[in-house]
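Below is one structure, written out as structure tokens; the observations come after it.
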Amino acid sequence: MDTIVIGLGNPVLADDRVGLEIAHCLEERLRGRSDVGVTQIFCGGMNLMEAMAGHERAIIVDAMTGGGGSPGTVYALGPGALLHSRNTCSSHDASLSVALELGALAGLRLPRDVRIWAVEADDVSTFSENLTPHVRHAVPLVVEDVVRHLESTE
Amino acid sequence: MKRVTINPITRLEGHGKIEIFLDEEGNVANAYFQVPELRGFEQFCVGRRAEEMPVITNRICGVCPEAHHMAAVKALDRLFAVEPPAAAKKIRELLYMAFFVTDHTTHFYALGGPDFIVGPDAPPAERNILGVIRKVGLDVGKRVIECRARNHRVIQMLGGRQIHPVAGLPGGWSKSVSEEERREIEEIARQNIEFALFSLGVFEAIVLQNPEYVEMVRSDVYHDATYSMGTVDGHNRLNLFDGEIRVVDPDGGELVKYDPSDYTAHIAERVEPWTYLKFPYLKQVGWKGFRGGKDSGVYSATPLSRLNVCDGLATPRAQEQFEKFQEAFGSAKAGGRYRPVHHRLATHWARLIELLYAAEHMLELATDPEITSPHVRNLPVTCVGRGVGSVEAPRGTLTHDYSAGPDGILTKVNLIVGTTNNHAAIAMSIRKAAEKLIRAGRVVEEGLLNRIEMAFRLYDPCLSCATHALPGEMPLVVNINNHSGEQIRSFRREG
């Protein structure tokens, strides 16, 4: 199935970059799979919708705060949970749900299958290019999880 | 004293809150605009190689990375004392015009425009781009998406990456433009002009033809007369990319015009105990509090301010629209130029005129014979210790100031982002709108709160840049408390 994997986050804001790091690892792991693309974006809303357009399936990896778990906790969520990770909305243009509806109305081909992997962050307020330890440990877990998911649904 | 809280501000990047204090009669006693701030970005940059800055600073914010990229490369040109070849400057500006078209389009249709197109009193769930489509037609949604897509393609072609360009280097640009790319960009620029004219037509039909909206735009609620700031070219025409910073007083007289690198001689920052925000003001005039007028150093740097400081626009159709804009407000000419317009809601119109200018200038650059020159870089050979770069970001003048040792390692970084310039003016506009709209005995309803929000939404403030905070979900919480602090009403809506 034609799939886009999208890493979301801010690369210079500590744990907020976790989605980008996971996407980077997945890019390496999935090299050679012509049906899976990997991209990284720093802003949600319309940019996110546009990154998803044209694909049958989208997998989003993002940081999360307020999910209830301890830092490093991984959540595998369905599309209904999209609004709850950190970066899926852009308050500068539209929430993701509005952006998706706009895209659909405008005739864009949007994925019917959208899943999100989110990692509970510890620190999203320090300028740093490093993840905190618990969040760092979650990276390979998410990478394996996503790869397994892709293999099981090939 | 009653307290009305709008928290956080809907549909704005980052998060903030407005606190409105009412006196015992129920009138506005005071209004504050507060945002939390992440500190330390400048310090995060110190110790890095200066040439990393165009890529690092464009990650501060997901909204206008192109503006940071350009201010950074221009600062590096000066830091390394290297003049880019003419073609490189034009390629930078060509990309920047594509960015301006995208950003202004997105603001008008998704953020600021819904207040007019859907209506200021419409339910919040409808005041978004979907509401615009319902009002104007599905075609407009398609046009917005197509506009974004084609200009993102230009940014990717020229900048090496979509949205976050990486091609800027001290002394020039990392790749030249092929004739095939140039032809494609030329066609995109033509489509942008058509789209800008269409958008001005939408504004005309929906706002200017509606007496109620015209009255709202011209009302005292949204009127603040401050100094205006913007970049102009050698003929005092609007320039979004390069030139001198011009400041005019509320009557239109030129206070000062300076090279961007001299900003510290003209701008100082005021600190207030109730907020992390700093409030830049004009040194020459001085800080006299949150008020307008000729003797107060508060200034604005917005699309409206840019039209206020310039003598005209350099492209023909945008100039026509500029004159139409001035005539609509009855702005008399003084000293060869129009007097400033201080009706803040006119900023939305000014933004569309800039959209047209950016599209027209994009076409000029795309058809410039020099744009495909292979000579796009001069190599830097020295580091002179300090470099300042400046562009007009969509939200106001953006300044990057870098200091570095002879080895090019950064020792000091200072950024003044577009929104920061407007902090004092935003606070004033909120207070003015609140004072005029909330009166004794009047129930504070959702639509009324939105009309207060409109007073700052017109600035298109990007708080994530200004505060270095990042956006998450944006619920709006409004609490109204009576004079003893007891909460009497509470609103919540998703952002």
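The values are calculated or read from the model by the stated rules, or taken from the named source; none is laboratory data. Every value quoted in this text rests on a predicted model; they were computed, and no experiment measured them. Cβ coordinates were reconstructed from backbone atoms using ideal geometry, including for glycine residues, and neighbour counts include every protein chain displayed.
Quickly run through segment B:49-99 and pick out the residues that are farther than 17 Å from residue B:401 by Cα and touching a Ser or Thr at 6+ places or on another chain (Cβ under 6 Å).
Across segment B:49-99, the qualifying residues are B:61, B:87.
Among what's in segment B:40-99 and is among the β-branched types (Val, Ile, Thr) and touching a Cys at 6+ places or on another chain (Cβ under 7 Å), pick the residue that is nearest to the other protein chains (Cβ to nearest Cβ). Steps first, answer last, please.
As a first pass, look at segment B:40-99 and keep what is among the β-branched types (Val, Ile, Thr): B:46, B:55-57, B:60, B:63, B:73, B:82, B:91.
Filter once more, so that each one left must be touching a Cys at 6+ places or on another chain (Cβ under 7 Å): B:56, B:60, B:63.
On the way: B:56: 7, B:60: 8, B:63: 5 Å.
Checking each candidate, the answer is B:63.
Which condition breaks for residue B:134 when tested against (1) within 12 Å of chain A (Cβ to nearest Cβ); (2) of a type outside the set (Asp, Glu); (3) out of contact with any helix residue (DSSP H, G or I) (no Cβ under 7 Å at 6 or more places or on another chain); (4) crowded, with 22+ Cβ neighbours inside 10 Å?
All conditions pass for residue B:134, except number (4).
For the structure I just gave you, tell me whether residue B:298 is more than 27 Å from residue B:208 (Cβ to Cβ) and crowded, with 22+ Cβ neighbours inside 10 Å. Break it down into steps so the answer makes sense when it comes.
On the way: more than 27 Å from residue B:208 (Cβ to Cβ): yes; crowded, with 22+ Cβ neighbours inside 10 Å: yes.
Taking the combined requirement at face value, the residue satisfies it.
Just to check your reading of the model, which residue among A:139, A:135 is over 30 Å from residue B:142 (Cα atoms), more than 14 Å from chain B (Cβ to nearest Cβ), surrounded by 23 or more Cβ atoms within 10 Å (Cβ to Cβ) and not charged (D, E, K, R)? Spell out how you get there, then give the answer.
On the way: A:139 fails: surrounded by 23 or more Cβ atoms within 10 Å (Cβ to Cβ).
Going through A:139, A:135 in turn, the sole match is A:135.
From A:51, A:14, A:58, A:23, which residue is of a type in the set (Gly, Ala, Ser) and closer than 15 Å to residue B:59 by Cα?
Numbers: A:51 fails: closer than 15 Å to residue B:59 by Cα; A:58 fails: closer than 15 Å to residue B:59 by Cα; A:23 fails: closer than 15 Å to residue B:59 by Cα.
On inspection, the qualifying residue turns out to be A:14.
Can you say whether residue B:340 is closer than 22 Å to residue B:282 by Cα and part of a loop (DSSP other than H, G, I, E, B), as far as the supplied structure shows?
Values: closer than 22 Å to residue B:282 by Cα: yes; part of a loop (DSSP other than H, G, I, E, B): yes.
Here the answer is yes, as residue B:340 does meet what is asked.
State which residue is modelled with the lowest pLDDT when the search covers only segment B:436-469 and only residues that are touching a strand residue (DSSP E or B) at 6+ places or on another chain (Cβ under 6 Å) and facing another protein chain (nearest Cβ under 10 Å).
B:464
Can you find even one residue in segment B:169-191 that is under 23 Å from the mean Cα position of the chain (by Cα), at pLDDT below 95, within 26 Å of residue B:102 (Cβ to Cβ) and buried (at least 20 other Cβ atoms within 10 Å of the Cβ)?
Restricting attention to segment B:169-191, the residues satisfying the condition of being under 23 Å from the mean Cα position of the chain (by Cα) are B:189.
After this cut, where a residue has to be at pLDDT below 95 as well, the list is none.
The answer is no; no qualifying residue exists.
Yes/no per residue for (1) assigned by TED's automatic domain parsing to the domain that holds residue B:240; (2) buried (at least 22 other Cβ atoms within 10 Å of the Cβ):
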| site | (1), (2) |
| --- | --- |
| B:316 | yes, no |
| B:322 | yes, yes |
| B:328 | yes, no |
| B:331 | yes, no |
| B:335 | yes, no |
| B:350 | no, yes |
| B:354 | no, yes |
| B:366 | no, yes |
| B:374 | no, no |
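List the number of the failed condition for residue B:196; all other conditions in (1) surrounded by 21 or more Cβ atoms within 10 Å (Cβ to Cβ); (2) on the phi > 0 side of the Ramachandran plot hold.
(2)
Count, please, the residues in segment B:367-412 that happen to be part of a loop (DSSP other than H, G, I, E, B), of a type in the set (D, E, K, R) and in contact with a Pro (Cβ under 9 Å, 6 or more places away or on another chain).
Quick first cut of segment B:367-412, residues part of a loop (DSSP other than H, G, I, E, B) only: B:367-368, B:373-376, B:378-385, B:394-395, B:405-408.
Filter once more, keeping what is of a type in the set (D, E, K, R): B:368, B:395, B:407.
Of the ones still in play, those that are also in contact with a Pro (Cβ under 9 Å, 6 or more places away or on another chain) are B:395.
Of the residues in that region, 1 qualify.
Based on this model, can you work out whether residue B:408 counts as outside the structural domain of residue B:121 (by TED's automatic domain parsing) and surrounded by fewer than 23 Cβ atoms within 10 Å (Cβ to Cβ)? Let's see the steps before the verdict.
Numbers: outside the structural domain of residue B:121 (by TED's automatic domain parsing): yes; surrounded by fewer than 23 Cβ atoms within 10 Å (Cβ to Cβ): yes.
Yes: the conditions hold for residue B:408.
If residue B:141 meets every condition in (1) within 9 Å of chain A (Cβ to nearest Cβ); (2) surrounded by fewer than 22 Cβ atoms within 10 Å (Cβ to Cβ) apart from one, which number is that one?
(2)
Has segment B:353-361 got any residue that is on the phi > 0 side of the Ramachandran plot and touching a residue at least 40 places away in the same chain (Cβ under 8 Å)?
If we filter segment B:353-361 for residues that are on the phi > 0 side of the Ramachandran plot, which is where we start, we get none.
No, because not a single residue in segment B:353-361 is on the phi > 0 side of the Ramachandran plot and touching a residue at least 40 places away in the same chain (Cβ under 8 Å).
For residues that are under 30 Å from residue B:80 (Cβ atoms), buried (at least 17 other Cβ atoms within 10 Å of the Cβ) and touching a His at 6+ places or on another chain (Cβ under 9 Å), tally how many sit in segment B:411-460. If you could, list the steps in order and put the result at the bottom.
Initial filter on segment B:411-460 (under 30 Å from residue B:80 (Cβ atoms)): B:411-421.
Those still in the list that are buried (at least 17 other Cβ atoms within 10 Å of the Cβ) too: B:413, B:415-421.
Filter again for touching a His at 6+ places or on another chain (Cβ under 9 Å), leaving B:413, B:415-417.
Count: 4.
I need the full set of residues from segment B:151-168 which are buried (at least 20 other Cβ atoms within 10 Å of the Cβ), of a type outside the set (A, V, I, L, M, F, W, C) and within 12 Å of another protein chain (Cβ to nearest Cβ), in order please.
B:151, B:164
Quick check, is residue A:90 within 8 Å of chain B (Cβ to nearest Cβ), at pLDDT below 95 and closer than 30 Å to residue B:126 by Cβ?
On the way: within 8 Å of chain B (Cβ to nearest Cβ): yes; at pLDDT below 95: yes; closer than 30 Å to residue B:126 by Cβ: yes.
Here the answer is yes, as residue A:90 does meet what is asked.
Please go through (1) free of Cβ contacts under 8 Å to residues at least 40 places away in the same chain; (2) touching a strand residue (DSSP E or B) at 6+ places or on another chain (Cβ under 6 Å) for residue B:153 and return the number of the only condition it doesn't satisfy.
(2)
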